[in-house]
Amino acid sequence: MSANDKGSTKHQVDETLSPSPTSVSSEVDDAWKFLNAHCDANIEDEPIDMLAIRRKIDYRVVPLGFLLYMMQFADKLVINYAGVMTMREDLKLTGNDFSNLVTAVYVAVAVWELPTVYFLQRFPVAKYLAINAILWGISTACGAAATSFRTMLVTRIFLGIFEATINPSLMLIAGRWYTKPEQAPRISFWLLGLGLGQILGGAVSYGFQNLSSGVTIAGWRIMFITLGLLTVVFGALTWLFLPDNPMEAKWLSDKEKVALLRHISVNQTGVEHRKVRVVEIWEALRDPQVWLIWLSIVLLACTGGITVAYSATLIRNLGYTPKQATLLNMPSGLISIASQIIPGWGVRRGGHRWAWVLATLLPAIIGSALMSFLPSSNRAGVLAGIYVTNFIPGPLTVYWNWAPANVAGATKRSFVTAMIGALSAVGSLIGAQSFQARDAPEYRPAKITALATQAAGACTTISLFVWYLLQNRSRGLSRGAREREKETENAFMTPEVWARMTDRENKAFMYSY
């Protein structure tokens, strides 16, 4: 069943569930088993309002994902603002100690993403995400107790381990509740947490920099405790209120669940299957699209590593005070938010994903060029460059929903999405390590690194588009997306739709670009 967000509020389901009497194989998705068990649910007896069902999901699933994404970014970003406060002096950081603290999170994320593949396949995804959110909140709060580089390093490593689940978990959750076009604006909304995290972190930092001199604990330490405890609260709410899949949603009736599962069957990616197929991992490692996606993520994430940890430092090095640098960094969050809303809206309206990647990548390239080649005496120009570089979340937002939309097979999709998280961390690590103490205060090599990786990311995006185009043509799948969605939905009761097949095994699978 396909209904646009602004389409007709009523969509009559005119087919009756009538699966074959054959036993349901363990090779099919759990969603098919639910449909098979509810084959007597004749949903043509009453109209099914898909807009109302989607609204229920939006009110219960989307806000929790947004809050967690905002907090994982704020908890990671907190060191950016602590760095312009008194943390460096209190912990006696020297040389590249600060860069290494930033890098430690990304190393931990990259290493822990592989075990995350197994855990997401074996355990309920929402509960696993909630537990990890609580634990990374505790890790952030424990940073307030750090007394040296080593003790802060330990808390940052654990923060990275527990945050490793956020990106693959949210991508899998989106695929369980929404069709491919519907996923784009929801994932974009989740990723708005990046921009809001910047604004929240800046506001919190500014507030704690203005604490009265009579306070016995440093402002940056209170900031760590505050953000950490807030994350723990949101993690607990996720455990209590976020279902692991549509079949377990207590706020949906059986008929609504059947209608929803039929609606998302057009994805041909399934909902949940907890058996690990090693052959799917092997297929992913031999899939050209996977390598192009991974390479693009690494390249684009390099700039993310720079903006997360060093934007406030770059602004301060233009001659501003710590308080001024904190406030001047906050507009970066607004630009980040705009960069994510625009492509999410565009893809939902039928726009090509590759085109929106390039459209939002171009301003970031211009911003990096301004940072790289303008003299530091031109404060307004360099500051504008720093701001515009924050368009980089836009292309990453598209890739976050592009990849799972084009990868089918439970194990393959879990592996690919987990590796996206790992390689995003690798890219951020490269960006963070491009800042070396010897290059202060200009950090020109780091700025040029951002420019070069963004340009390379544009090239890999065009290559990915061409690959998808050729694959669809070779399969004879050149019909309109709406026509194919309707056809697949009408054939939703065939076990093949819910079979544990990958996108390469399913020759009827159509790649989105």
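The table for this structure:
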read-out	value
Helices (runs of 4 or more DSSP H) contained entirely in the range 143-240, each with at least 2 residues that are of a type in the set (Phe, Trp, Tyr) and over 27 Å from His263 (Cβ atoms)	149-163, 180-209
Residue, modelled with the highest pLDDT, within the range 110-140, restricted to residues that are closer than 10 Å to Ala418 by Cα and touching a Pro at 6+ places or on another chain (Cβ under 7 Å)	Thr116
Pairs with Cβ under 6 Å, 6+ apart, first in the range 142-168 and at negative phi and polar (S, T, N, Q), second surrounded by fewer than 24 Cβ atoms within 10 Å (Cβ to Cβ) and in a loop (DSSP other than H, G, I, E, B)	Ser148/Leu91
Check on Val357, in contact with a Leu (Cβ under 9 Å, 6 or more places away or on another chain) and touching a residue at least 12 places away in the same chain (Cβ under 8 Å)	yes
Residue that is buried (at least 20 other Cβ atoms within 10 Å of the Cβ) and either under 30 Å from Pro124 (Cα atoms) or at pLDDT below 85 (or both), where the choices are Ala408, Ala508, Ala481	Ala408
Test for Leu260: is it among the aliphatic types (A, V, I, L, M) and surrounded by fewer than 23 Cβ atoms within 10 Å (Cβ to Cβ)	no
Checklist (1) in contact with an Asp or Glu (Cβ under 9 Å, 6 or more places away or on another chain); (2) open to solvent by 50 Å² or more (accessible area, probe 1.4 Å); (3) part of a loop (DSSP other than H, G, I, E, B) applied to Pro445, failing item	(3)
Verdict on Tyr59 being modelled with pLDDT of 60 or more, within 22 Å of the chain's Cα centre (by Cα) and among the hydroxyl-bearing types (Ser, Thr, Tyr)	yes
Candidate set: the range 283-310, residues that are among the aliphatic types (A, V, I, L, M) and over 23 Å from Ile365 (Cα atoms); chosen: the one surrounded by the most Cβ atoms within 10 Å (Cβ to Cβ)	Ala284
Qualifying positions in the range 311-354 - within 25 Å of Tyr399 (Cβ to Cβ), in contact (Cβ under 8 Å) with a residue 12 or more places away in the chain, open to solvent by 50 Å² or more (accessible area, probe 1.4 Å) and not β-branched (Val, Ile, Thr)	Leu334, Trp345, Gly350, His352, Trp354
One residue from Thr165, Thr140, Thr116, Thr147 being of a type in the set (S, T, N, Q) and surrounded by fewer than 24 Cβ atoms within 10 Å (Cβ to Cβ)	Thr147
Helices (runs of 4 or more DSSP H) enclosed by the range 42-132 - at least 3 residues per element that are of a type in the set (A, V, I, L, M)	50-60, 62-82, 97-122
Every residue from the range 150-162 that is over 16 Å from Ala218 (Cβ atoms) and open to solvent by 10 Å² or more (accessible area, probe 1.4 Å)	Arg150, Leu153, Val154, Ile157, Phe158, Ile161, Phe162
Condition met for Ser372 (within 15 Å of Thr307 (Cα to Cα) and crowded, with 24+ Cβ neighbours inside 10 Å)	no
Failed item in (1) of a type in the set (D, E, K, R); (2) free of Cβ contacts under 8 Å to residues at least 40 places away in the same chain; (3) part of a loop (DSSP other than H, G, I, E, B), with Asp244 passing the rest	(2)
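Residues are listed down the side, and each one gets a yes or a no for (1) under 19 Å from Val204 (Cβ atoms); (2) open to solvent by less than 30 Å² (accessible area, probe 1.4 Å); (3) within 20 Å of the chain's Cα centre (by Cα):
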residue	(1), (2), (3)
Met71	yes, yes, yes
Asp75	yes, yes, yes
Val78	yes, yes, yes
Glu89	no, no, no
Lys92	no, no, no
Phe98	no, yes, no
Thr103	no, yes, yes
Ala108	no, yes, yes
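The values are calculated or read from the model by the stated rules, or taken from the named source; none is laboratory data. Just so it is clear, the structure is predicted and the values come from calculations on it, not from any experiment. Every residue, glycine as well, gets a Cβ built from its backbone with ideal geometry; the counts of neighbours run over all protein chains shown. Keep in mind that these areas ignore ligands, DNA and RNA; they rest on the heavy atoms of the full protein, side chains included. Shrake-Rupley method; radii C 1.70, N 1.55, O 1.52, S 1.80 Å.
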